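Take a look at the structure set out below.
The values are calculated or read from the model by the stated rules, or taken from the named source; none is laboratory data. In this text, all values refer to a predicted model and were calculated from it rather than measured experimentally. In this analysis, Cβ positions are derived from the backbone assuming ideal geometry, glycine residues included, and neighbour counts consider all displayed protein chains.
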């Protein structure tokens, strides 16, 4: 049962990261810069490269989580990204910044801060079974078995 929950969690969390990264990569990067600058945390010379780089990191970490490749590292990076997103949303809400929507899933997915916060928390909680359960069905375990078999020869 733990394996099934782990694999399902990996597919769910990884799928969300891949989908979100793809949407961010395909839309205009200036829109991402505008949203990032609306939070008033980083200057524009950081927001511009982040708008180009972060979507591809989301895709890579999502794929790594789904496939179970570098699973612990990918899980920690995804958890850090989700936790940082929560902190950024909280500070924007506490400072009453006029951020209209986060648009994590493009124009068809504009959520309120509360909904986005709950979604990120759910993904954060799903990361634990994704990383700790179902480890038999990962590329990491396949590589480990292959290396152990080759070492015996």
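Is it the case that some residue within the stretch 123-130 is out of contact with any helix residue (DSSP H, G or I) (no Cβ under 7 Å at 6 or more places or on another chain), over 21 Å from residue 42 (Cα atoms), at pLDDT 90 or above and not in a loop (DSSP other than H, G, I, E, B)?
yes
For (1) in a helix (DSSP H, G or I); (2) touching a residue at least 12 places away in the same chain (Cβ under 8 Å); (3) within 21 Å of residue 26 (Cα to Cα), each residue gets a yes or a no:
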residue: 46; (1), (2), (3): yes, no, yes
residue: 69; (1), (2), (3): no, yes, no
residue: 79; (1), (2), (3): yes, yes, no
residue: 83; (1), (2), (3): yes, yes, no
residue: 86; (1), (2), (3): yes, yes, no
residue: 89; (1), (2), (3): yes, yes, no
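Select, from 23, 13, the only residue that is modelled with pLDDT under 90 and either part of a loop (DSSP other than H, G, I, E, B) or buried (at least 18 other Cβ atoms within 10 Å of the Cβ) (or both). Checking each option against the conditions leaves just 23.
For the stretch 92-122, a residue qualifies if it is part of a helix (DSSP H, G or I), at pLDDT 80 or above and either on the phi > 0 side of the Ramachandran plot or in contact with a strand residue (DSSP E or B) (Cβ under 9 Å, 6 or more places away or on another chain) (or both), but none of them does.
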